[in-house]
Amino acid sequence: ARAAATGKPIKGFETMSQQIGFIADMSEEAQLAMLRSGLKEFDQAPVVMTRMVGAWSTGDVDGLDALIGREMKDQSPEMYEVMLTRRNADWTQQIMTLLEGSGTAFISVGAGHLAGADSLQTMLAKRGVKVEEVRD
């Protein structure tokens, strides 16, 4: 809200239609795995969210990866590839384009994109971008 109030541009890396398309383009098996996972974890969402926040706030990237990335990869390698790896690769390119411009950009993404071997940090580091954790 503050960015909009001060006239700063707000832009997403992808549209809602694209996000729906990612799911729709997955195999039926991967879509069902995603649905089953969501239903299975529905009641546990508050507990999982607390663990995710705890892992992220303490810098436990491996713990975050275990909660999100590795579990998704185990359930459906295709879902992991589509929802994390490919999107991170696309976002990495978009971030590289932003870095070629001038000024300062604030980038916010879901925690699952910031953990594991296919994370945004890893992909950016492979392109020579220095990525570091910032804490208060």
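The values are calculated or read from the model by the stated rules, or taken from the named source; none is laboratory data. The structure displayed is predicted, hence computed values, not measured ones. When we count neighbours, we look across all protein chains shown, and the Cβ atoms used for this are built from the backbone with ideal geometry, even at glycine.
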For segment 117-133, check the following and say yes or no: at least one residue is out of contact with any helix residue (DSSP H, G or I) (no Cβ under 7 Å at 6 or more places or on another chain), surrounded by fewer than 12 Cβ atoms within 10 Å (Cβ to Cβ), modelled with pLDDT under 90 and more than 29 Å from A4 (Cβ to Cβ).
yes
Suppose the filter is of a type outside the set (S, T, N, Q), on the phi > 0 side of the Ramachandran plot and surrounded by fewer than 18 Cβ atoms within 10 Å (Cβ to Cβ); does G59 pass it?
yes
Go through segment 18-42 and count every residue that is surrounded by 12 or more Cβ atoms within 10 Å (Cβ to Cβ) and either part of a helix (DSSP H, G or I) or in contact (Cβ under 8 Å) with a residue 60 or more places away in the chain (or both).
13
Extreme residue, farthest from S108 (Cα to Cα), among residues of segment 1-17 that are in contact (Cβ under 8 Å) with a residue 24 or more places away in the chain and within 18 Å of the chain's Cα centre (by Cα):
E14
State all residues of segment 94-106 that are assigned to a loop (DSSP other than H, G, I, E, B) and surrounded by 11 or more Cβ atoms within 10 Å (Cβ to Cβ); if no residue qualifies, say none.
A105
Which residues, counting only those in segment 63-88, are surrounded by 13 or more Cβ atoms within 10 Å (Cβ to Cβ) and acidic (D, E)?
D65, E71, E78, E81
Considering only segment 107-116, how many residues are surrounded by 16 or more Cβ atoms within 10 Å (Cβ to Cβ) and over 9 Å from the mean Cα position of the chain (by Cα)?
1
With the checklist (1) assigned to a loop (DSSP other than H, G, I, E, B); (2) of a type in the set (F, W, Y); (3) surrounded by 17 or more Cβ atoms within 10 Å (Cβ to Cβ) in hand, flag the one item W91 doesn't pass.
(1)
Only one of (1) touching a Ser or Thr at 6+ places or on another chain (Cβ under 7 Å); (2) among the hydrophobic types (A, V, I, L, M, F, W, C); (3) in a loop (DSSP other than H, G, I, E, B) fails for M123. Which number is that?
(3)
So how many residues does segment 68-96 have that are without any contact (Cβ under 8 Å) to a residue 24 or more places away in the chain and closer than 19 Å to S108 by Cβ?
1
